[in-house]
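Encoded as structure tokens, the structure appears first; notes follow it.
The values are calculated or read from the model by the stated rules, or taken from the named source; none is laboratory data. Owing to the predicted nature of the structure, the values given are computational and were not obtained by experimental measurement. Don't worry about glycine lacking a Cβ; one is built from the backbone with ideal geometry, like all the others, and counts go over all protein chains shown.
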Amino acid sequence: MAEREAKAVSPGTPELGPGWTAGGVTDKISAIVLGRGGPWTRGWHEHWRWRSALLISFCGVLTLLAASTWLFMRGVGLFGVNIPVAWGFALGNFVWWIGIGHAGTFISAILLLLRQRWRTSINRYAEAMTLFAAGIAGLFPIFHLGRPWFAYWLLPYPNRMELWPQWRSPLVWDIFAISTYLLVSLLFWYVGLIPDLASLRDKAASRGKRLAYGIFALGWRGDARHWHHYESAYLLLAGLATPLVVSVHTVVALDFSIGNTPGYHSTIFPPYFVAGALFSGFAMVITLAIPLRHYFRLQDFITLRHLDLAARVMLACSLFVAYGYACELFTAYYSGDTYEIHMTRDRFTGVYAPVYWAYMCCNVAVPQLLWWRRVRRSVPTLLIVSLLVNAGMWMERFVIVVQSLHQDYLPSAWDIFIPSVWDWIFLLSSIALFVWLFLMFVRYLPMISMAEMRGLVQETAEEGKP
Amino acid sequence: MRRVVAPAINTTMPAGVDGGRRRMLKLMAASAALAGSGCSQPPAEKIRPYVNMPEGMAPGDPVFYATTLLHEGHGVGVLVETESGRPVKIEGNPIHPASLGAADAQSQAAILTLWDPERSRIVMHGAQPSTWSALLDSLSTQLREEAGTQGKGLRLLSGPVSSPTLLAQIGEVLARFPGASWHVHDPAGCDAAAQVARRLFGRPVRPVYRLDRARTVLSVDADLFGPSADGVRNAHDFMQARRGEPRARMLALESTPGLCGAIADLRVALSPADMEAALDAVASRLGVPAAVSPQETEARPAWLDSVCAQLRSTPGACVVAPGHSLSPRAHLMAWRINAHLGNLGQTIIPTAQQLPTEPRLALQSAGAEAAGTGAAGIGTSGVSPGTLNELVDAMRDGAVRTLIMLDVNPVYDSPGALDFAGALSKIPFSVHMGLYRDETAHACDWHIPMAHELEAWSDARSIDGTASLIQPVIAPLYGGRSPHEVMDMLADTRTAGAHERVRAFWRNLWDMEDAHDFEQRWDEALRRGVIDGEPAGPALNLDARALAAQVPEEIEPAPEEGELLAVFVNDSGIVAGRHANNAWLQELPRPYTKITWDNAALLSPGTARRHALRNGDVVSLSSTDASAKLLAPIWIVPGQADGVVILPLGFGRRHAGAKAQGRGFDAYVLQDTRNGAARRCLPLCLQPADQRHALAVTQHEMGLAGREPVRIVSLQSSNADVRGSAAQPSLYPPREYDSHAWGMTVDLDACIGCNACAIACQAENNIPVVGPEEIARGRTMHWMRIDLYHEGDGGRTQFQPMACQHCENAPCEVVCPVGATMHDSEGLNVQVYNRCVGTRFCSNNCPYKVRHFNFFDYADHDPSAAAHANPDVTVRQRGVMEKCTYCVQRISHARIEAQKQGRTIRDGEVVTACEATCPTQAIVFGDTADPHSRVSRSKASPRNYTVLAELNTRPRTSYLARIVDREAAPEDGDG
């Protein structure tokens, strides 16, 4: 048995470089966390890039804390929102972040069920990304509230006044959709981590680390029974998570399409929002993958093949989103509705038209480059495309939320929304919080699933055998 | 006797300029001492419990007092609602002829001025706080000196005075000082009109319009419905005439869109110079004797024929009303036209102003020069006041040694060319009395804080001569004094204050020996708010000789190439500056520009284009001789005459409260005088200044964008039904109402856009003021928003009061996650403030955008604000949504009253604040479940429609379409 394992060396497939053994994979990945060998021989604190990234993002986190304190003290008037544009950056950021939080579950759950081998090396960090993005997304509705200290009134909890949420409101559905999604994502991520935590516990040099990883490893010993239960639980969770990929953003889309505002009130929204979410999610996966494989020299694990496939998903999403845009236009004009047509014209030529055309460019035009294999395999180009898609999707959310509101039914009520400095602070510091959380994750947890990589080595080695 | 006890709040007010900290320490010491003494003993003095509650003083039950507020010295009857002794709301007095139950924005906002913590509180000697007795000493020394010279160096300056008691006191002062003279300064009034009337009648006379008898009203730049002592009455009367058969017509020639133009059947934008020519043309075509036949160089516009034909067809039932911007010549021409058409005594009643009785030893009274030129049969029966110009001349000559100024602020609000401040600096002894320590107070030796009209006894006459009493509804909050006390000091008569003085006057006038009879009549006058049985002034008439009188007929020089004609207008919120520190009026969107907290030089689109200016560009305005100059932002007003720049007065205050100071520009700087009258219209130069100024505007889009929020029906068309089809289907089951189902209609044909309802709503519902920065961010709080729409560029304009529509299928209710906005059992869409978490989804989903959000803690936490807040309405916390409630507190009040009497609520028993104060009764509220209620009858009108009916929201507020009289306007008129 041991002899056979020792022989298992990866022959080199598109998803995994050649010459990797199970032990080699484990050593390589765990060394990043435990700081021994590999790029971290001199310890994490010696690396200026790491230190400055951590410092800058941590400053951002502190800014977010200070800003939210001030926000809770003074009120939402800090934002640029007004009447008619009562929803501003906060809601746009919410939808954007929750969209980014989509790709993780898609990769882990749906690709697992579809038995896609290329998910193995990217699922762990994509899931972490999902978790952080969805968590940050969950903060924004609270920042947005007029009286955030009563946010819990949206939850159905028994109380003496027998007051319940108002079930017709999509915001109540939202609460359930997002909290379920967060919970299942967390479980899924944690369950997947258990064997790796055990590996870290076993490899950790200091007692403190052994204890910490040991507690979270829940006594995992790599028993066959453990593996058996683990795999069925993981599969069940994947099954559970799959419908959530669709449901969360569908419900978020309903927040808008239930409303009667032209620009919100559209039946295309649920599928179009889901596609948009995957779009921005995969863009973020690529955005994260490229620096990760570069700085941690993971080119053998996260190969060009991975990037290529992610780019293809992005291209497909882009086409779907473009279809959504076209559909909106068609419906507006086909309906003959004065308000819809006015809203659409205002998108083309109004004050927010530059944003509209910018995201059209980022989300529809630029991704068409991905038809070319050369582009999909050119790392710098791919990074630029994915960053543009991220920005484009944010602008799309902004236009949907803000532009639709600023000129709706009665011309007398029309006004414009100008983001305040606080709007920008919250957007940028939420990105800093995301980066900081991600850095912490990279620092303390294996960013690639060691257990699954070992399985992949085994699999490819067996396939490679004549 | 209705002496009202001052509320507790009065005692906690810090007294004096630096009293806050010391007083706080004293109070702390006192409370510590109290805590130490414990509850051991009752005080040594005999105290009495409050066993017999005075009738009508039950806590929570409002008490209404009838009193009078002053508009440029003239009385407007009001009812003041007090809660536990605190005045909280002002409504119109239905029996007072200048109110008829309605109150304009300024009258209602007086409550805020009353409680304004920035009002003057202490006698000032120069920059030093002083005392009343020190002032008395100083003044009596000065007066003794003056008495030595018969008072030759004494001058008294006041605003227009209608108070019989005060006039009598002025007479007494003039009797004591025969060499003294009394001058009147009225910045909001029209000097040209006063000059002409004085020349025609030989004494101050005002035309009182009886628009209810008119069938054609030609307004020549007249602000008939604006904030003035007769605006409310005029609006009421005109609408009454308009509802009659045949429908009265309004023909408006305007330099800038005004309230008359908004409801005009024919509206023409003209510059004042063209208006004078038009008036000449009308006069000559109507065959008015002494009419100047204009050189008809250009083709006669069709509207001029139409105007002449309509005036000619309604002799004795029409009005030609000239406005402030016109020259004395034009005012004279208007009198001539009116006399020729037989309107005098019918639709225009020339009413003599009451004057102080002539002292026997008149040396050189200002009225003397006017005597002899008067109309036949009417001699001067009193001292006519001098003008401000005459006073300034005397001051320059060094003839004035003592100047007493009562409630005027000429350092700020006199024409810049007069340089009143310069003349004042030469006066050895000057006293100013006013509500605020304003510009004049700073320039005077002494300043006396004046009691507000709601704090002191007095009396007044309305423009038509109706007398009424002014009774205080609260003891002076800040230790203000009454002008009667000052006049008593001057006349050296010792009385027991204003109350006794006013009573003594009326006892004397009524000639009542019997104390009981007097008390009865006095009480009756207080209770009703009108003094009955007062003889009206003598009927005045004009004969041909008087009409042939000439005024200095210098034709206004036409503006030269590159010059514009400036027209100085009263601001529709703060008038001429008197209300500048009133935050409600500052934040009130001006009807046509929707500018708040600021003024702007208004230009027509054509003029702005010619100078390549955009809204908010700053321009430099200078007089033609470049002696005066100011910087002003511009604002483009469609429908304004080309070549005219409108300069609203009242802004750019240098010394006023924090709400007034530094807001806008002071247009008085550019004002000039001619023949002793302040000019309301003069040429000036405009230069772009390469700066921008952000104005806080509440409505940005005034076009209709192809929508139909306002509907129009033609008077002539037989098919004038705008009612929509039956209700569309809804997913939700229809609601059933077993008791009431409230609803409202707003008659767009009657709405003049005067903003009275907006202030009524603000006062009734404790709506906070947010300030210019928040307004600029789009965060207004007015529940009642007066929308303005233009049809095309400069075409017909329409106001539309827009508050919560109380939809039956309310889109807001569906999306609130916590159920903070709900339907109640009587059809109201209610907002539950303490349940609201502030998602603002309801506002997004409201197609009318009538919900307002507390983005910050907007509520005023000053103790004075708590004192005048309506106790029946919650003050909203930050982070909650609010909106029109249909005055649900008034509905509850009526319901409780009805239940106490075991009956149902009667129609007309619930009157919303906006409905109550509307001068034209455009708003009707009531129970739609009762088919006979006023609102049901109103909703049965073929003009009834709902806004955005296609969304199937089924609003409970519906509108009655505007009626257009197509026969009134020929094709080329742009009205």
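Note down all Cβ pairs under 9 Å where the first residue falls in the stretch B:661-676 and is in the same structural domain as B:Pro648 (by TED's automatic domain parsing), the second is crowded, with 22+ Cβ neighbours inside 10 Å and at pLDDT below 85, and they're at least six residues apart or on different chains.
Nothing qualifies.
Can you pull out every residue in the stretch A:94-123 that is at pLDDT below 90, assigned to a helix (DSSP H, G or I) and of a type outside the set (A, V, I, L, M)?
Passing the criteria: A:Gly104, A:Thr105, A:Phe106, A:Ser108, A:Arg117, A:Trp118, A:Arg119, A:Asn123.
It is to be established whether one or more residues within the stretch A:263-283 are crowded, with 24+ Cβ neighbours inside 10 Å and not in a helix (DSSP H, G or I).
Checking the stretch A:263-283: at least one residue is crowded, with 24+ Cβ neighbours inside 10 Å and not in a helix (DSSP H, G or I).
From the list B:Pro955, B:Pro942, pick out the single residue that is at negative phi, buried (at least 17 other Cβ atoms within 10 Å of the Cβ), more than 29 Å from the chain's Cα centre (by Cα) and in a loop (DSSP other than H, G, I, E, B).
Matching residue, one of B:Pro955, B:Pro942: B:Pro955.
Residue by residue through the stretch B:730-745, note down the ones that are within 14 Å of another protein chain (Cβ to nearest Cβ) and in contact (Cβ under 8 Å) with a residue 12 or more places away in the chain. So that I can check it myself, show each step before the final result.
Taking the stretch B:730-745 first, the residues within 14 Å of another protein chain (Cβ to nearest Cβ) are B:730-733.
Listed by number, the residues that qualify are B:Ser730, B:Tyr732.
Could you tell me whether any residue of the stretch B:461-473 is touching a helix residue (DSSP H, G or I) at 6+ places or on another chain (Cβ under 6 Å), buried (at least 23 other Cβ atoms within 10 Å of the Cβ) and in contact (Cβ under 8 Å) with a residue 40 or more places away in the chain?
Scanning the stretch B:461-473, I find at least one residue that is touching a helix residue (DSSP H, G or I) at 6+ places or on another chain (Cβ under 6 Å), buried (at least 23 other Cβ atoms within 10 Å of the Cβ) and in contact (Cβ under 8 Å) with a residue 40 or more places away in the chain, so the answer is yes.
Let's see how each residue does on (1) within 28 Å of B:Gly231 (Cα to Cα); (2) touching a helix residue (DSSP H, G or I) at 6+ places or on another chain (Cβ under 6 Å); (3) of a type in the set (A, V, I, L, M):
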site	(1), (2), (3)
B:Pro729	no, no, no
B:Pro734	no, no, no
B:Tyr737	no, no, no
B:Thr745	yes, yes, no
B:Asn765	yes, no, no
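Residue by residue through the stretch A:326-358, note down the ones that are of a type in the set (Ser, Thr, Tyr), assigned to a helix (DSSP H, G or I) and surrounded by 15 or more Cβ atoms within 10 Å (Cβ to Cβ).
The first filter runs over the stretch A:326-358 and keeps only residues of a type in the set (Ser, Thr, Tyr), leaving A:331, A:333-335, A:338-339, A:344, A:349, A:352, A:356.
Checking the rest, the ones that are also assigned to a helix (DSSP H, G or I) come to A:331, A:333-335, A:338-339, A:344, A:349, A:356.
A:Thr331, A:Thr338, A:Tyr339, A:Thr344, A:Tyr356, listed by residue number.
Let's see how each residue does on (1) touching an Asp or Glu at 6+ places or on another chain (Cβ under 9 Å); (2) part of a helix (DSSP H, G or I):
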residue	(1), (2)
A:Gln403	yes, yes
A:Asp408	no, no
A:Asp415	yes, no
A:Ile425	no, yes
A:Ser430	no, yes
A:Arg454	no, yes
A:Gln458	yes, yes
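May I ask you to list the residues in the stretch B:565-621 that are aromatic (Phe, Trp, Tyr) and part of a strand (DSSP E or B)?
The answer is B:Phe568, and nothing else.
For the stretch A:185-217, enumerate the residues that are assigned to a loop (DSSP other than H, G, I, E, B) and of a type outside the set (A, V, I, L, M).
A:Ser206
Which is away from chain B (no Cβ under 14 Å), closer than 24 Å to A:Ser68 by Cβ and surrounded by 15 or more Cβ atoms within 10 Å (Cβ to Cβ), of A:Leu139, A:Leu171, A:Leu183, A:Leu244? Show your work before the answer.
Values: A:Leu171 fails: away from chain B (no Cβ under 14 Å); A:Leu183 fails: surrounded by 15 or more Cβ atoms within 10 Å (Cβ to Cβ); A:Leu244 fails: closer than 24 Å to A:Ser68 by Cβ.
Every option except A:Leu139 fails the conditions.
Failed condition for B:Pro683, given (1) away from chain A (no Cβ under 14 Å); (2) in contact with a helix residue (DSSP H, G or I) (Cβ under 7 Å, 6 or more places away or on another chain), with all others met?
Here B:Pro683 clears every test but (2).
Give the stretch B:782-816 a look and list any residue that's touching a Pro at 6+ places or on another chain (Cβ under 7 Å), surrounded by fewer than 23 Cβ atoms within 10 Å (Cβ to Cβ) and in a loop (DSSP other than H, G, I, E, B), or say none.
Answer for the stretch B:782-816, where residues must be touching a Pro at 6+ places or on another chain (Cβ under 7 Å), surrounded by fewer than 23 Cβ atoms within 10 Å (Cβ to Cβ) and in a loop (DSSP other than H, G, I, E, B): B:Asp793, B:Gly794.
If the requirement is being within 26 Å of A:Met393 (Cβ to Cβ) and either in a helix (DSSP H, G or I) or more than 10 Å from chain B (Cβ to nearest Cβ) (or both), which of these qualifies: A:Leu62, A:Leu91?
Criteria check complete, one pass: A:Leu91.
Being without any contact (Cβ under 8 Å) to a residue 40 or more places away in the chain and part of a loop (DSSP other than H, G, I, E, B) narrows it down to one of A:Trp227, A:Trp220, so name that one. Reasoning before the result, please.
Numbers: A:Trp227 fails: part of a loop (DSSP other than H, G, I, E, B).
Going through A:Trp227, A:Trp220 in turn, the sole match is A:Trp220.
Just to check your reading of the model, which residue among B:Gly398, B:Gly342, B:Gly287 is at pLDDT 60 or above, surrounded by fewer than 21 Cβ atoms within 10 Å (Cβ to Cβ) and touching a Pro at 6+ places or on another chain (Cβ under 6 Å)?
B:Gly342
When you go through B:Glu455, B:Glu500, B:Glu513 one by one, which is the residue that is farther than 30 Å from B:Ala678 by Cα and in contact (Cβ under 8 Å) with a residue 60 or more places away in the chain?
Details: B:Glu500 fails: in contact (Cβ under 8 Å) with a residue 60 or more places away in the chain; B:Glu513 fails: in contact (Cβ under 8 Å) with a residue 60 or more places away in the chain.
Criteria check complete, one pass: B:Glu455.
Look through the stretch B:443-454, keep the residues that are over 19 Å from the mean Cα position of the chain (by Cα) and either among the aliphatic types (A, V, I, L, M) or surrounded by 24 or more Cβ atoms within 10 Å (Cβ to Cβ) (or both), and return whichever of them is farthest from B:His432 (Cα to Cα).
Among residues in the stretch B:443-454 that are over 19 Å from the mean Cα position of the chain (by Cα) and either among the aliphatic types (A, V, I, L, M) or surrounded by 24 or more Cβ atoms within 10 Å (Cβ to Cβ) (or both), the one farthest from B:His432 (Cα to Cα) is B:Ala451.
Answer yes or no: is there a residue in the stretch B:765-783 that is among the charged types (D, E, K, R) and more than 14 Å from chain A (Cβ to nearest Cβ).
No, the stretch B:765-783 contains no residue that is among the charged types (D, E, K, R) and more than 14 Å from chain A (Cβ to nearest Cβ).
Mind checking which residues of the stretch B:817-838 are within 11 Å of another protein chain (Cβ to nearest Cβ) and surrounded by 21 or more Cβ atoms within 10 Å (Cβ to Cβ)?
B:Pro817, B:Val818, B:Ala820, B:Thr821, B:Cys836, B:Val837, B:Gly838
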